[in-house]
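Engineer: If you scroll down you'll find the structure; I have some questions about it.
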Amino acid sequence: MRMFKKIFLTILLVIFSFYYTNKVLDFIKSKDQIMIEIKENKDNYKINAIDAIIENNTIIPGKCGLVVDVNLSYLKMKKLNYYSDSLLVFKKIPPSISLKNQFDKLILSGNSSKKQISILLKISDINIINKINNQSINIILETKFINKNQEYLKTISNDIVVFEEKNPSSLAKFCYAEKKYHGFCKDSNLYTINPFYISHNYYYNTYIHLENGRMFSYQIKTEKELQEISILIQGIKNLGYEIVSLSTLLEE
C-alpha cells in the first residue's frame, strides 16, 4: 500500500510539474514581442469559411477558411528571432456545411469565389485521348471503354469521369449526369457532377455562359474538334480564368 502511494505521488508530481512548466512557458511566450505582434496581426489574415449551398438534391461546394496558427507561427519566427508577415503559418477551417461525403447530391458547379473553370471532354476514341496534353482537362468515358483501355488510362493524370453507369470503373473519380442525378454512383462513393453541356458553336455558347466555378462539357469526335477546344481554352485563359481539374475546382 505504501509503495502504491509513493508511485501515485510521483505520478502526481510529474503531472503537476509538466502542467506548471507549460504554464510558465506560455507566460514567457505571451510577453515575447514576436508573440505579441502575431496576436496583434492575426485577425488581418483571417478568411471566413463559405458554406456549401444545398437545394433539394443539388449542391455547390463551400470553401475552407484560413486562420493564423499562432503557436506554429511563433516557433517558425523564433528560430530567426524576428516577426515577419511572410513567416505566418495558416491552418484551414472547414465550412460548417460541406461537400464532403455528399454522394447523393448533384454538383452544379465549383465555388464562385474562385476564378476557375473545368473543361470536360466526352470521348470514345483512344487516339484522341492520347493527343490531350493538358492534365487539367477532365475526360468523360463509358465504363466499357475504361475497362477496354484500362492499362493505358492508368498512365494518365487527367481526372476520369464515368458517364451515367450503374457499375462505375474504379479508375473513375467522378460520375457525370447530363440531365439529373441518377444515384448510380452513391454506393461507390463517387461525386456526381452536372456540367453545362455544349453540343455546338463552342466559342459563342461557352463565352456567354462563362462564370466562376463553371463546368463545361463537350462531345469530341475528331482531332479538329480537340484543336478547337485548345483554342477555346487559350481564349478563356486570356480572360483571366484558370482551367483546372475537377479535383481542384471542387476542393473546399
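Engineer: How large is ³J(HN,Hα), in whole Hz, for each residue of the range 230-237 in order, when computed from phi with the Karplus curve 6.51 cos²θ - 1.76 cosθ + 1.60 and θ = phi - 60°, using x for Gly and Pro?
Structural biologist: 4, 5, 4, 4, 4, x, 5, 4
Engineer: Enumerate the aspartates and glutamates that Lys148 could reach by cross-link, defined here as Cα to Cα under 20 Å, with residues fewer than 8 away along the same chain left out.
Structural biologist: Qualifying aspartates and glutamates at Cα under 20 Å: Asp125, Asp159, Glu164, Glu165.
Engineer: Which value, in debye to the nearest 20, gives the size of the charge dipole of the range 173-252 about its Cα centre, when Lys and Arg are +1 and Asp and Glu are -1 at the Cβ?
Structural biologist: 200 debye
Engineer: Could you compute Rg(Cα) / (2.2 N^0.38 Å) for the range 33-155, with N its residue count?
Structural biologist: My calculation over the Cα atoms of the range 33-155 gives 1.59.
Engineer: While we're on this one: For the peptides 197-204, 142-149, what is the packing order when you average, over each peptide's residues, the other Cβ atoms within 10 Å and list the highest mean first?
Structural biologist: The packing order, highest mean first, is 142-149, 197-204.
Engineer: Take the alpha carbon gyration tensor of the range 171-252, find the square roots of its eigenvalues, order them as a ≥ b ≥ c, and report rounded if a/c is under 1.5; if not, report prolate when a/b exceeds b/c, else oblate.
Structural biologist: Taking the square roots of the gyration eigenvalues as a ≥ b ≥ c, the range 171-252 is prolate.
Engineer: Would you mind working out the accessible area per residue for the range 57-104, using a 1.4 Å probe, and quoting it in Å²?
Structural biologist: 57 Å²
Engineer: Taking θ = phi - 60°, what integer Hz values does the Karplus form 6.51 cos²θ - 1.76 cosθ + 1.60 yield along the range 83-89, in sequence order, with x for Gly and Pro?
Structural biologist: 8, 8, 4, 5, 9, 5, 9
Engineer: Pairs Lys63/Lys92; Lys100/Lys166; Lys39/Lys100: which exceed 20 Å Cα-Cα?
Structural biologist: Checking Cα-Cα distances, Lys100/Lys166; Lys39/Lys100 exceed 20 Å.
Engineer: Continuing with the same structure: Take the range 103-242, compute every pairwise Cα distance, and split them into 5 Å bins from 0; I just need the percent in each bin.
Structural biologist: 2, 10, 20, 23, 21, 15, 8, 1, 0
Engineer: Moving on to the next point. Might you tell me the accessible area per residue for the range 178-252, computed with a 1.4 Å probe and given in Å²?
Structural biologist: With the other protein chains kept in place, the range 178-252 gives 54 Å² per residue.
Engineer: With a 1.4 Å probe and every protein chain kept in, tell me what percent of the accessible surface of the range 76-210 is carbon plus sulfur.
Structural biologist: The value for the range 76-210 is 46 percent carbon and sulfur by accessible area.
Engineer: Bin by bin, in steps of 10 Å, what percent of the Cα pairs in the range 40-90 do you find, going until the bin that has the longest distance?
Structural biologist: Pair shares across the bins are 23, 36, 19, 14, 6, 1.
The values are calculated or read from the model by the stated rules, or taken from the named source; none is laboratory data. Here the structure is a predicted model, which means the values were calculated and not measured. Positions of Cβ are backbone-derived with ideal geometry, glycine not excepted, and every protein chain shown enters the neighbour counts. Remember, those area values only see protein heavy atoms, side chains included, never the ligands or the DNA or RNA. Shrake-Rupley method; radii C 1.70, N 1.55, O 1.52, S 1.80 Å.
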